[in-house]
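Working notes, beginning with the structure itself.
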Amino acid sequence: MPTASTSEAPTTTTTPYDLIGGEAAVRRLADRFYEIMDTNPGAHRIRAMHGADLAPIRQLLFEFLSGWLGGPPLYFNRPEHRCIMSAHRPYAIGEAERDEWMSCMRAAMDDCALPAEVRALLDQGFSRMANAVRSR
C-alpha cells in the first residue's frame, strides 16, 4: 500500500545579492559609491584615504560586496584577500569617517533605486561594518 510522502519541497533562500539584482546591481552600487565619494566635498576625509586611481579599490568593493551579499565570493577567493578589519587597520577611522562612508553608501543605494526593504536591510549591515572598522 503506498504511503504519503513526508518529504518537503526543497526551499530556496533568496540572498541580498539576489534581492538587489545580482552582479549588475552590485557593480552599479560599488561604482556609484565611489563616484559619490570622489565628487562629494563632504566625503573629503575618506577620499583622502584612497589613491588617485579608484579603479582597483572600486573592483575590490564590488568583489567584496558580491560575497558579503550572498553572491559569488569573488573577494574571498583572492589569494591575497584580507579580513575587513585588517584591510582598514592602517587608517584613522573615527565617527566622522564612518559617517562620511555611510552617507556615500546611503546615497549610492538611493541612486541605484534599491527597494526600501532591501535598503533598510543593507543599511543595518553597512552600519555594523562601518562601526566595526573604527579605530578611534
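Each reported figure results from applying straightforward, stated rules to the coordinates on display, with no laboratory input. Since we're looking at a predicted model, the values are computed, not measured. Positions of Cβ are backbone-derived with ideal geometry, glycine not excepted, and every protein chain shown enters the neighbour counts.
Full extension of the segment from Ser135 to Thr39, taken as 0.36 nm per residue of separation minus the current Cα-Cα distance, would add 32.1 nm. A straight line joining the Cα centroids of the stretch 65-85 and the stretch 97-131 runs 18 Å. Each helix, a run of at least 4 DSSP H residues, gives -39500 (n - 2.57); summed and divided by the residues of the chain, these come to -18000 deg cm²/dmol at 222 nm.
Efficiency by 1/(1 + (r/R0)^6): what FRET value for Leu60 and Asp99, r their Cβ-Cβ distance, R0 = 25 Å, to the nearest 0.05? Mind showing how you got there, number by number?
Details: r = 22 Å, r/R0 = 0.88.
Between Leu60 and Asp99 the formula returns 0.70.
The calculated pair-distance distribution of the chain uses every alpha carbon pair, bins of 10 angstrom beginning at 0, and gives 11, 39, 33, 8, 5, 3, 2, 0 percent.
By how many nm would the segment from Glu117 to Asp53 lengthen if fully extended, with 0.36 nm per residue of separation less the alpha-carbon distance? The partial results should precede the final answer.
On the way: separation 64, 0.36 × 64 = 23.04 nm, distance 3.34 nm.
Value of the extension gain: 19.7 nm.
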